[in-house]
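Novice: Here it is, the structure, as structure tokens.
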Amino acid sequence: GRLQLAEWLTAEGNPLFARVMVNRIWQQHFGRGVVGSENDFGNRGELPTHPKLLDWLASRFKESRWSIKALHRLIMNSAAYQQSSDFDTVAAERDPDARLLWRFNRRRLSAEEIRDATLLVSGNLDPTPGGAHPFPPVETWGFTQHNPFYAVYPTNRRSVYLMQQRLKRHPFLALFDGADTNVSTARRELTTVPTQALYLMNSPFVHQQAELLARKLIKEASDPHARLELAWQTTMGGSPTAEQFAENREFIKRYTAALDESGVAVEARELMVWSAFTRTLLTRNEFLFVD
């Protein structure tokens, strides 16, 4: 059973599991594993760029009683992870792919990370662990041979708990390069396509989370300056530059004027303006990328 499989994988006589596991987690953070051939640690696979690092991480993984959370924390607190992604001409000539980790390779958030981050900043993320996915009553399903189970039921829980069908991929995860559950996916190929930008601009999901975030900002900060600062702290984890702050102020000013010209009721303007502004934050590269 599963217990016997877990015991076999983590047995002292099987050192490969720990090395493969830490390599996959390293790959998730850096875009490439210490061993580039993530599915092949044999003679035909690539040699590790940092063999001592791989062995050390595997040892720490075992010592932490196979704690994935501890391994994530260890990697993300490292100097290698906290490097800038700035370009260096001399280093690039010697190591163009940054395999020796002279810079951090800029990485777009995964599909699950984008969804969870959007729900988190809006205050709408349900952190409840475990449990069944919410479904409507059975009597309302009405599935037949010619009307198979293609439904996608909304939930605000973390993406790790999303229902994944084999007949149809989850539309959000598929759009942002989520794994296909019908095949083994050792490494996700990240794409940048117009449909992703269109989704972020027009999706009811994004609009709803942006409005919730705007309501929170309006409630917690009455001064526009403080509200802008809070918006950036919430979504980007830092303060805007002087140039960004000026751009944001100008956007709010022009959007307010446009609503005024359109005859929108005064009492509705504030929420509409700040909802539009928070949508721009949720589509910025600073929110969608680890830089």
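Novice: Kindly identify the stretch 171-291 as rounded, prolate or oblate by the Cα gyration tensor criterion: order the square roots of the eigenvalues as a ≥ b ≥ c, call it rounded if a/c is under 1.5, otherwise compare a/b with b/c, prolate if a/b is larger, else oblate. All intermediate terms of the calculation are to be shown ahead of the outcome.
Specialist: Working: a/c = 2.48, a/b = 1.84, b/c = 1.35.
In terms of gyration-tensor shape, prolate.
Novice: Expressed as a whole percent, how much of the Cα-Cα distance distribution for the stretch 2-105 exceeds 20 Å?
Specialist: Working: 2323 of 5356 pairs.
Roughly 43 percent, rounded to a whole number.
Novice: Determine the equivalent ellipsoid of the stretch 230-291 by diagonalising the alpha-carbon gyration tensor, then write out the semi-axes as square roots of 5 times the eigenvalues, largest first, rounded to whole Å.
Specialist: Values: eigenvalues 123, 28, 17 Å².
Sorted largest first and rounded, they come to 25, 12, 9 Å.
Novice: Moving on to the next point. I'm a student and want to see the number: the projected area of the Cα convex hull of the stretch 1-58, averaged over all directions, in nm².
Specialist: Numbers: hull surface 18.0 nm².
One quarter of the hull surface, i.e. the mean projection, equals 4.5 nm².
Novice: Pick out which of Thr234, Thr89, Thr278 has the largest mean-square fluctuation in a Gaussian network model of the chain, springs linking Cα atoms closer than 10 Å.
Specialist: Comparing Thr234, Thr89, Thr278 in a Gaussian network model of the chain, the most mobile one is Thr89.
Novice: If you find the alpha carbon centre of the stretch 210-280 and of the stretch 1-45, how far apart are they in angstrom?
Specialist: Using only Cα atoms, the two centres lie 46 Å from each other.
Novice: Identify which of Pro15, Pro137, Pro240 has the largest mean-square fluctuation in a Gaussian network model of the chain, with springs joining Cα atoms closer than 10 Å.
Specialist: Among Pro15, Pro137, Pro240, the largest GNM mean-square fluctuation belongs to Pro137.
Novice: What is the stretch 138-291's relative contact order, in percent, from Cα pairs under 8 angstrom and six or more apart in sequence?
Specialist: Values: 91 pairs, mean separation 31.4, N = 154.
Result for the stretch 138-291 is 20 percent.
Novice: Right, here's the next one. Points 7 angstrom from Cα along the Cβ direction at Lys168 and Met236: gap in nanometres?
Specialist: 3.8 nm
Novice: Between Thr140 and Gln82, what FRET efficiency comes out of the Förster formula 1/(1 + (r/R0)^6) with R0 = 51 Å and r the beta carbon distance, rounded to 0.05? Intermediate results must be reported in sequence, preceding the final value.
Specialist: Values: r = 50 Å, r/R0 = 0.98.
Efficiency at R0 = 51 Å is approximately 0.55.
Novice: Add -39500 (n - 2.57) for each DSSP H run of 4 or more in the chain, then divide by its residues: what number comes out at 222 nm, to the nearest 500 deg cm²/dmol? It would help to have the intermediate numbers written out before the result.
Specialist: On the way: 13 runs with 147 residues, N = 291.
Value at 222 nm, helices only: -15500 deg cm²/dmol.
Novice: Right, next: Quick one: among Asp55, Asp177, Asp223, which has the greatest mean-square fluctuation in a GNM of the chain with alpha-carbon springs under 10 angstrom?
Specialist: Asp223
Novice: I've got another one for you. How high is the relative contact order of the chain? Use alpha-carbon pairs under 8 Å, at least six apart in sequence, and give a whole percent.
Specialist: Values: 258 pairs, mean separation 45.9, N = 291.
It comes to 16 percent, rounded to a whole number.
Novice: In whole Hz and in residue order, list the ³J(HN,Hα) couplings for the stretch 97-102 that follow from phi through the Karplus curve 6.51 cos²θ - 1.76 cosθ + 1.60, θ = phi - 60°; x for Gly and Pro.
Specialist: Coupling constants for the stretch 97-102: 8, 6, 5, 8, 6, 7 Hz.
Novice: Expressed in nm², what is the orientationally averaged projection area of the convex hull enclosing the Cα positions of the chain?
Specialist: Working: hull surface 88.1 nm².
Average projection, Cα convex hull of the chain: 22.0 nm².
Every number here is computed from the coordinates shown, using simple stated rules; none is lab data. This is a predicted model, so every value here is computed, not measured. Cβ sites come from the backbone with ideal geometry, for glycine too, and all protein chains shown count toward neighbours.
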